[in-house]
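One structure below.
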Amino acid sequence: MTRRIGILTSGGDAPGMNAAVRTLVRAALSFDMEPYGIYRGYHGLINDEIEPLNSESVSGIIQRGGTILKSARSQEFMTPAGIEKAVNNLKQHQIDAVAVIGGDGSFRGALELMKQGIQVIGIPATIDNDIPCTDYSIGFDTAVNTVMDAVNKIRDTASSHERIYIVEVMGRRCGYIALYSGLACGADSILIPEAKFDLDEVCTRIKRAYDVGKSHNIIMVAEGVGLNLKPPVENISVTIGKHIQEHTGYETRIVILGHIQRGGSPTVNDRLLASRLAYQAVRLIAQGQTGKMVGQIEKQIKAFDLDYALAQTKTIDMEYYHLAEILSTL
Ligand code: ATP
């Protein structure tokens with residue numbers, strides 16, 4: 001029977017991580033297990049930043065963005081010596097199971113712990129929504145709502161000055177944030193890594209829109225679109241902005257939303273998702289299962305082998321993309 005569960009958050013922080021930590025702690029207590037917080041992800045695990053948690057330690061955090069356990073990236077954990085230190089620390093504290101809240105890199109780290117006999121369960125949390133075997137990861141819904149709020153404001157000034165705005169959002173390999181927020185905000189064009197784009201076609205659409213009296217144009221760009229080009233282009237929004245201004249003659253501005261997308265109080269959807277996934281994680285630990293991640297597929301909470309999940313590629317629903325195209329065509 002598992003007695004002690006370590007909890008860590010790793011990789012990029014995501015709103016809703018705290019809701020997951022809160023559930024892990026309280027659910028563990030309800031299963032008569034002792035929860036331990038591991039601070040600063042694998043970095044803190046190696047440096048023995050481990051402390052017991054209780055119900056009170058997670059009071060008043062469900063509405064907070066970020067992670068009370070802090071997050072970090074650790075190169076040392078990617079070495080055999082680092083993993084050995086981490087496992088020794090867990091043994092020292094008699095922690096036999098670890099719940100890892102993070103993205104695919106963090107899950108790869110969890111598998112390394114499993115190889116050393118530690119029971120591990122992964123809980124998907126990243127605003128990018130690039131983790132397979134779950135429809136949504138914790139933090140995505142809050143991030144797209146943040147983008148939507150920002151674009152509402154950008155639209156006001158875009159319209160007053162009759163400008164084109166390129167809005168760059170996060171998503172290096174995956175266009176979920178750009179696609180969902182673009183559709184929700186009525187963006188005129190959406191550029192994502194999953195779909196080929198033609199800048200001349202974007203310019204034609206802009207001109208057509210202005211010809212029929214539209215006073216502004218919003219172009220949603222996922223930061224990773226330039227990486228698919230040959231040769232790859234960093235700072236793709238600047239390149240796109242210049243091209244559009246030169247080819248349409250309209251004033252073009254670039255807004256890179258950046259880390260604002262990571263912050264903020266989690267939405268209802270993220271709090272519910274985090275609570276449900278984390279509760280299932282504790283149930284799996286209590287059952288003695290290991291090497292799994294929890295995910296939500298069509299509202300059902302399920303478990304998948306981490307090995308299997310990490311071998312998959314998260315796909316995007318192109319129906320959303322085609323719908324956005326239809327709705328923005330004048
Ligand atoms: P995000 O999607 O927000 O970037 P992530 O979990 O994918 O989240 P990473 O930086 O890729 O973030 O991984 C977090 C940490 O997990 C790394 O700093 C490293 O310590 C550990 N990690 C990643 N890949 C491996 C691996 N192959 N083996 C061992 N540990 C790993």
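The values are calculated or read from the model by the stated rules, or taken from the named source; none is laboratory data. Bear in mind the structure is a predicted one, so any value in this text is a computation, not a measurement. Note that we place each Cβ from the backbone using ideal geometry, even for glycine, and neighbour counts take in every protein chain shown.
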message: Can you pull out every residue in the stretch 175-195 that is within 17 Å of residue 145 (Cα to Cα) and either in a loop (DSSP other than H, G, I, E, B) or not assigned by TED's automatic domain parsing to the domain that holds residue 241 (or both)?
response: 175, 186, 187
- request: Please verify whether the stretch 118-137 includes one or more residues that are within 11 Å of the ligand (Cβ to nearest atom), farther than 14 Å from residue 45 by Cβ and part of a helix (DSSP H, G or I).
  value: no
- request: Among the numbered conditions (1) under 20 Å from residue 22 (Cα atoms); (2) within 10 Å of the ligand (Cβ to nearest atom); (3) in contact with a Ser or Thr (Cβ under 6 Å, 6 or more places away or on another chain), tell me where residue 63 comes up short.
  value: (2)
message: Quick check on the stretch 252-267. Is at least one of its residues out of contact with any Asp or Glu (no Cβ under 8 Å at 6 or more places or on another chain), within 20 Å of residue 97 (Cβ to Cβ) and basic (Lys, Arg)?
response: no
field: Which numbered condition residue 160 fails, given (1) surrounded by 20 or more Cβ atoms within 10 Å (Cβ to Cβ); (2) in the same structural domain as residue 254 (by TED's automatic domain parsing); (3) more than 16 Å from residue 15 (Cα to Cα)
entry: (1)
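At least 1 residues that are crowded, with 23+ Cβ neighbours inside 10 Å and either under 25 Å from the mean Cα position of the chain (by Cα) or among the polar types (S, T, N, Q) (or both) in each: list the strands (runs of 3 or more DSSP E) lying fully within the stretch 1-104 that qualify.
Passing ranges, in order: 4-9, 34-38, 97-102.
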- prompt: Which members of the stretch 256-282 meet the condition of being touching a Phe, Trp or Tyr at 6+ places or on another chain (Cβ under 8 Å) and under 18 Å from residue 299 (Cα atoms)?
  reply: 269, 270, 273
